[in-house]
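Heads up: the structure comes next, in structure tokens.
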Amino acid sequence: MSKYQKIYVLGAGAVGCFFGGMLARAKHDVTLIARVDRAEAINELGLEMDCKSFQEVIKVKASSDLSLLRDADLVLLSVKSPDTEKTIQDIASVLPSHAVILSLQNGVANTQIASGLISNPIYPAVVYVAAGMNGHRTMKHHGRGELLVGSLQEITPPDQEKLAGICALFESSGIPCAITAQIKRDMWLKFLVNCSYNGISGIGQITYGEMVRVPEIIQQIDGITHEFIKIAALEGVLISEAEGREANELIASTMVTQRSSTAQDLARGKKTEIDFLNGYIVQLAKKYGVEVPYNQSVYALIKMLERAQHN
Ligand SMILES: NC(=O)C1=CN([C@@H]2O[C@H](COP(=O)(O)OP(=O)(O)OC[C@H]3O[C@@H](n4cnc5c(N)ncnc54)[C@H](OP(=O)(O)O)[C@@H]3O)[C@@H](O)[C@H]2O)C=CC1
Ligand SMILES: CC(C)(CO)C(=O)C(=O)O
């Protein structure tokens, strides 16, 4: 029997509904924590999973009540990065001390932010899935769906046991999940593709498949990647140009019809995660006295679009 009996998905958006839905489909005890309207819609009619390999309506509990987390064994943190701090503060007094948090978020800062605010064990996951929400109760899957999990510190035997339990839970639900001893590097490799694709997909509101048909966009991606690799090296993460190119190409070929989560935020008039993506690279570049004009341009353009929406 899994040690993670009570699972809460904190942030029932695209990623939360994909992974939470898969766990609920495999009959695990899952509650999606969502905004009120979404929770009502899912409780009333179920979560529709429009996946590459199946289309089903999944019966899963949903609520906007964070006090439910008092009996949590596992929390899948799937709010956007700008919401991490407040969300963790909101659950800090509720969550039992044994509950484990797994961050399913992009970027390389969330686990550290969260662990500074709560004493529960918290692990990062590197998430390769392409998903979006159509309305409140339909999750549209555009490709992949696998996880790498690890610890930002050296993996101790108790960490190993917790991470193995998490992998067993996901594997039992049809989600490939592996423990990696080099999670920092794996997070940076995923972070790279987010810097390459998310902003540009958002600016153009275009899919990855459409993006890579434009030679000038390929040049932009190459420029972003070149700068990114320099900054990663300064942060102690060595990624070769060939690895970077391969990581980028794999996204375009496995998630052809996806628009980035940043594009989805802009389309909804929501603040994006850009400060945690290209903006983070810009911030590090300032610290190291390095120029990153490609990342700076994407960052500035997303900031402009965000501001235009909020004026
Ligand atoms: N979409 C994708 O394909 C992928 C996304 N990711 C990453 O996963 C993370 C989640 O992304 P995604 O699922 O796309 O984001 P979404 O915006 O679709 O989902 C987040 C959801 O959490 C809700 N939320 C935030 N705070 C609370 C709260 N306190 N109580 C209840 N609900 C709350 C948000 O509501 P509201 O919008 O009203 O604030 C939103 O519905 C991000 O870090 C993203 O970068 C990683 C891989 C792929
Ligand atoms: C993998 C990818 C690029 C999928 O869309 C993603 O992480 C995102 O959109 O934020």
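For this structure, a couple of remarks:
- Top-ranked residue in the range 104-114 [being farther than 21 Å from residue 265 by Cα and buried (at least 19 other Cβ atoms within 10 Å of the Cβ); ranked as nearest to ligand 2 (Cβ to nearest atom)]: 111
- Scanning the range 246-273 for residues that are over 17 Å from residue 189 (Cβ atoms), near ligand 2 (Cβ under 9 Å from one of its atoms) and assigned to a loop (DSSP other than H, G, I, E, B) yields 258, 259, 273.
- In the range 173-185, the residue that is nearest to residue 128 (Cα to Cα) out of those that are of a type in the set (A, V, I, L, M, F, W, C) and part of a loop (DSSP other than H, G, I, E, B) is 175.
Every residue, every condition in (1) within 13 Å of the chain's Cα centre (by Cα); (2) under 20 Å from residue 124 (Cα atoms), yes or no:
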site: 1; (1), (2): no, no
site: 16; (1), (2): yes, yes
site: 29; (1), (2): no, no
site: 35; (1), (2): no, no
site: 40; (1), (2): no, no
site: 60; (1), (2): no, no
site: 81; (1), (2): yes, yes
site: 85; (1), (2): no, yes
site: 108; (1), (2): yes, yes
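- Members of the range 132-172 that are part of a loop (DSSP other than H, G, I, E, B) and surrounded by 14 or more Cβ atoms within 10 Å (Cβ to Cβ): 136, 137, 150, 151, 152, 155, 172
- Within the range 269-293, residues that are within 17 Å of residue 198 (Cα to Cα) reach partners that are in a loop (DSSP other than H, G, I, E, B) and among the acidic types (Asp, Glu) with beta carbons closer than 9 Å, at six or more positions or on different chains, in the pairs 279/273.
- Residue 194 surrounded by fewer than 16 Cβ atoms within 10 Å (Cβ to Cβ), within 14 Å of ligand 1 (Cβ to nearest atom) and touching a residue at least 40 places away in the same chain (Cβ under 8 Å): no
- For the range 1-20, taking the residues that are in a loop (DSSP other than H, G, I, E, B) and modelled with pLDDT of 95 or more, the one that is surrounded by the fewest Cβ atoms within 10 Å (Cβ to Cβ) is identified as 5.
- Flag for residue 266 being over 16 Å from the mean Cα position of the chain (by Cα), in the same structural domain as residue 200 (by TED's automatic domain parsing), within 12 Å of ligand 1 (Cβ to nearest atom) and under 27 Å from residue 52 (Cα atoms): yes
- Of all the listed residues (200, 155), the sole one being β-branched (Val, Ile, Thr) and in the same structural domain as residue 305 (by TED's automatic domain parsing) is 200.
- Of the residues 23, 74, 45, the single one that is in contact (Cβ under 8 Å) with a residue 40 or more places away in the chain, more than 28 Å from residue 283 (Cβ to Cβ) and surrounded by fewer than 23 Cβ atoms within 10 Å (Cβ to Cβ) is 45.
- The helices (runs of 4 or more DSSP H) found wholly in the range 35-120 include none carrying at least 2 residues that are modelled with pLDDT of 95 or more and touching a Phe, Trp or Tyr at 6+ places or on another chain (Cβ under 6 Å).
The values are calculated or read from the model by the stated rules, or taken from the named source; none is laboratory data. Every value quoted in this text rests on a predicted model; they were computed, and no experiment measured them. Note that we place each Cβ from the backbone using ideal geometry, even for glycine, and neighbour counts take in every protein chain shown.
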